[in-house]
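Chemist: First the structure, which I've put down as structure tokens, then a few questions once you've had a look.
Only the coordinates and a few stated rules stand behind these numbers; no lab work does. Computed from a prediction, not measured in an experiment: that's the story for all the values here. Cβ: placed from backbone, ideal geometry, glycine included. Neighbour counts: every protein chain shown.
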Amino acid sequence: MGKELSKELLEVLACPACKGDLDYQKAKDQLVCKNKACKRAYKVEDGIPIMLVE
């Protein structure tokens, strides 16, 4: 685990695939889209979200 995401950053981030809200899962160091149709997960490395849509 690296740096934690700031609450301010989490408030402005959105899923790049569907524009849905994101949930930060600290234990897994990832952001997960809250949209039930999407549910994409994005890694967080050293406090930096890697939000590439593949």
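Chemist: Counting helices only, and only those DSSP H runs with n ≥ 4, report the 222 nm mean residue ellipticity of the chain as the sum of -39,500 (n - 2.57) divided by its residues, in deg cm²/dmol to the nearest 500.
Modeler: Computed mean residue ellipticity for the chain: -2500 deg cm²/dmol.
Chemist: Among GLN30, ALA17, VAL44, pick out the residue whose Cα is farthest towards the positive end of the charge dipole of the chain, where Lys and Arg carry +1 and Asp and Glu carry -1 on C-beta, about the Cα centre.
Modeler: ALA17
Chemist: Excluding same-chain pairs closer than 8 in sequence, count the lysine pairs in the chain whose Cα atoms lie under 19 Å apart.
Modeler: 18
Chemist: Moving on to the next point. For MET51, which sequence-distant residues (separation of 5 or more, or a different chain) have an amide H within less than 5 Å of its own amide H, given hydrogens modelled in the peptide plane?
Modeler: none
Chemist: Additional query: Relative contact order of the stretch 7-47, please, whole-number percent, based on alpha carbon pairs below 8 angstrom and at least 6 residues apart. Mind dumping the intermediate values first?
Modeler: Details: 51 pairs, mean separation 11.2, N = 41.
That works out to 27 percent.
Chemist: To the nearest 20 debye, what charge dipole does the stretch 7-47 have about its Cα centre, counting +1 at the Cβ of each Lys and Arg and -1 at the Cβ of each Asp and Glu? Before the final figure, lay out each step's value.
Modeler: Numbers: 9 positive and 7 negative charges, 63 e Å.
Charge dipole of the stretch 7-47: 300 debye, to the nearest 20.
Chemist: Of LEU22, LEU13, LEU31, which is the most mobile in a GNM of the chain whose springs link Cα atoms less than 10 angstrom apart?
Modeler: Of LEU22, LEU13, LEU31, the most mobile in the Gaussian network model is LEU13.
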